[in-house]
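The values are calculated or read from the model by the stated rules, or taken from the named source; none is laboratory data. Just so it is clear, the model here is predicted, and its values are computed rather than measured. Positions of Cβ are generated from backbone atoms using ideal geometry, with glycine treated the same way; all protein chains shown enter the neighbour counts.
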Amino acid sequence: MKNNIIYHYCSTESFFSIISNKCLRLSDITKTNDHLEKEWALNLQDEVLENILDKIFKEKSIDFDPYKKDDILGYGNFFDIFKVCQEDFYNSPAFIACFSKNGDLLSQWRGYAADGTGISIGFNELLFYDLDYTDSDFNFMEVIYKKRKQIEIIKTEISEYFDEIKPIKMNPAESFGAYIENNNDWICPRLALRLLPINYSLKNTAFAEECEKRVMYIPKINIIHIPEIDINKYFSSPIEMGYFQLSPIKYRAKPDEIIAYCELNFNKLIDRGIISEIIIGPKSKSNIMDIYGFMKSFGYDINPKNIKLSTASYK
């Protein structure tokens, strides 16, 4: 693994498209993500939230069952509304591009680079941090694999959110538990939305060898729960984010579904060396000069020494 380089594994066809169009496709994670990854994150989140609510509602000396459907007010009602918001947000488009800190990993070749016939593109990760500062809908995050750390991150985020809304309590005699149960119509959707980027950065420890980082774009287009947000900007014009440009949300068709995607253009970063290394897959028929000439033809000034053949043993 090299400092400040992250690798995007892809097929040869996708490599050709990325280089020639100078953009990365951000795919809708709700259409591509493993459902087990989603369940892992949601189960952890529910466990942490339940523990926090337990402490909050002890102020009222009421022992609520978080899964009891006939609670009119309180812990159970809050939890049920939160779960509805959570599920709705998970069914709204969220776009990601995935990278690994390891550019020559056998499992990645098999899973993401057309069974080893594709390419691993090494990007300068420092240039992606600008996305965090230029648009609140963007996150550039490292995937977390250790369960203890995952729990700590979720707990911190929920606790900070509750701390932030405490000062706006109108009745000083009202307990915080009573406050959140009486205002769950706006507290729950905002908490669910706030936790989305974190949930998309959690994976089971079994996947730790991937050493994954993700560019995540989560547009706030769920008008059911947050109706005051103007969603037109997400569909109308490109969004300038420093040296990057993000396309409006686009759609493509498969035989059985419509799939949303976005394109992140990095044309202005070619001269700043956004692509710093290329690794050719262990089963690829391309050679170093093929890749070098192809990239030069599209204006990339890459040193041939930074185009390498995979050393992964692949049968």
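Listed values, structure above:
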| read-out | value |
| --- | --- |
| Unmet requirement for Asn4, which otherwise passes all of (1) at pLDDT below 85; (2) under 17 Å from Asn124 (Cβ atoms) | (1) |
| Within the range 122-162, tally of residues that are closer than 24 Å to Tyr7 by Cβ and among the hydroxyl-bearing types (Ser, Thr, Tyr) | 4 |
| Selection from the range 235-249 of residues that are small (Gly, Ala, Ser) and closer than 17 Å to Ala260 by Cβ | Ser236, Ser237, Ser247 |
| Residues that are of a type in the set (A, V, I, L, M), closer than 20 Å to Ile52 by Cα and at pLDDT 85 or above, drawn from the range 132-170 | Ile151, Ile153, Ile154, Ile158, Ile165 |
| So Ser120, is it modelled with pLDDT of 90 or more and either under 15 Å from the mean Cα position of the chain (by Cα) or over 26 Å from Ile52 (Cβ atoms) (or both) | yes |
| Those residues of the range 42-77 which are within 28 Å of Asn204 (Cβ to Cβ), surrounded by 18 or more Cβ atoms within 10 Å (Cβ to Cβ) and at pLDDT 80 or above, in sequence order | Leu44, Gln45, Val48, Leu49, Leu53 |
| Qualifying residue in the range 289-301 (condition: at pLDDT 95 or above and farther than 24 Å from Cys23 by Cβ) | yes |
| Output for the range 272-305, where each listed residue is assigned to a helix (DSSP H, G or I) and touching a residue at least 60 places away in the same chain (Cβ under 8 Å) | Ile291, Phe294, Met295 |
